[in-house]
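Only the coordinates and a few stated rules stand behind these numbers; no lab work does. Keep in mind the model is a prediction, meaning the values are calculated, not measured. In this analysis, Cβ positions are derived from the backbone assuming ideal geometry, glycine residues included, and neighbour counts consider all displayed protein chains.
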Amino acid sequence: MEWDTYTSYSKRESYYRAIEVDAFSSDAIPVHLITREAIELYMDRLTPNGVLLVHTSNRHVNLVRPVLKICQEAQWKDWNNIVDMDDPNNPGQKIRGPNVRTGLAWVICKDDDKERGFNVENPSKNGHSGSEYVLVARDKKYLPPYGWTPEQEKTWEELGVYFMVDNISQKRFQELSDKRVEQKKPPLKKIDSTITFLTPENIGDSKYQAIVDYYGYNVPPGTRTWTDDYSNVLSVFRWK
């Protein structure tokens, strides 16, 4: 059964394309909204290609760490893989249902606030902090950074600009720029994104070390997963 033909919305399962959780900006943290059980519930309500947006911006508490830890252990229903499974209401009986998988894809979206000169090397001079989101999905292909579609590239070219998001954009920008030179058109203007996209593949890169260390985006060994029965706000408090 392919996800795009799945139309059984019992209790709104697999119904929403995106869900945003935005309740953590103050010093009063509603922990019950950011537990493993809560995130698993959000994922049940998302379409198979849906995205969960967790707004973690907070001056006092690092909420990225518990979200990333939950992503390691959270379980989700794979509607593209229907299997025989135990019926929870009738022990010993089998029913057809989605395979249950473990582990979610994520990307940290951090606004570096370059327009206002954010100084990650000396954060005390900033007096402010850029926005921060953790985007969660069942597969990383549904998460940024994205390449531009041909239609988007056409729009950028008509405007004479190109919006940069990653190294792939840099390569494509150069290709289009060379093409415009051959056609004797004005060069494209490069527009850099103020957002840094941190993924499991690049979070260990040296060029991101300052921002990862300052905001505490690494998950230390032995970190305990937040659940409905356990949470520890003091463990993610920003002491500096």
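Below is a table of values for the structure above.
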{"read-out": "Between 0 and 90°, nearest 10: helix 36-45 axis offset from the chain longest Cα axis", "value": "80 degrees"}
{"read-out": "Helical contribution to [θ] at 222 nm, DSSP H n ≥ 4, -39,500 (n - 2.57), averaged over the chain, rounded to 500", "value": "-6500 deg cm²/dmol"}
{"read-out": "Helix axis angle, 167-182 relative to the chain longest principal axis, alpha carbon, degrees", "value": "40 degrees"}
{"read-out": "Listed residue pairs exceeding 29 Å between alpha carbons, taken from 69/171; 77/154; 110/190", "value": "69/171; 77/154"}
{"read-out": "Given 15 as the ceiling on other Cβ atoms within 10 Å, longest exposed-site-free region of the chain for GluC sites (Glu not before Pro) in DSSP loops", "value": "3-120"}
{"read-out": "Computed over region 145-194: relative contact order in percent, which uses C-alpha pairs under 8 Å that are six or more apart", "value": "41 percent"}
{"read-out": "On Cα atoms only, tilt of 150-159 relative to the major axis of the chain in degrees", "value": "30 degrees"}
{"read-out": "Dimensionless Rg ratio for the chain, taking C-alpha atoms and the 2.2 N^0.38 Å reference", "value": "1.20"}
